[in-house]
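Working notes, beginning with the structure itself.
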Amino acid sequence: MFLINPTLTDTNLNNDGYNNLLDGIDRTIANLASTQYLNHVNGYQNKVDFTLYDRLCEYREILMDKFMGCNCLDDEYTIYIISKVQKLIC
């Protein structure tokens, strides 16, 4: 008999998955920041979602605290945050 191991998300809960998740957050934040920079410098009128920027910054800080060893969150909350971040960076 084989055990069934369902996968809830595309990101595996290992070091590579966490690194890819943080890289996705950083890339999205960088894209938003560069769009806003071009708006200021060149006078463009491209819309920048500041709510998305704030949320990603907060989620990044929470995940970094968790990955550095802070035991303030349980594993179920980490999975919830990872799924929220994946929805935001897509």
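The values are calculated or read from the model by the stated rules, or taken from the named source; none is laboratory data. Since the model is a prediction, treat every value here as computed from it, not as a measurement. Don't worry about glycine lacking a Cβ; one is built from the backbone with ideal geometry, like all the others, and counts go over all protein chains shown.
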Which residue pairs have Cβ atoms closer than 7 Å, lie 6 or more positions apart in sequence or on different chains, and pair a first residue in the stretch 1-28 that is modelled with pLDDT under 60 with a second residue that is of a type in the set (Lys, Arg)? none
Search the stretch 53-79 for residues that are modelled with pLDDT under 80 and pair each with any residue that is of a type in the set (Lys, Arg) and assigned to a helix (DSSP H, G or I) when their beta-carbon atoms are under 6 Å apart and the residues are at least 6 apart or on different chains. LEU73/LYS66
Report yes if some residue within the stretch 28-36 is under 24 Å from ASN14 (Cβ atoms) and either assigned to a helix (DSSP H, G or I) or in contact with a Lys or Arg (Cβ under 8 Å, 6 or more places away or on another chain) (or both); otherwise report no. yes
For the stretch 60-83, the count of residues that are over 19 Å from ASP16 (Cβ atoms) and surrounded by 13 or more Cβ atoms within 10 Å (Cβ to Cβ) equals 3
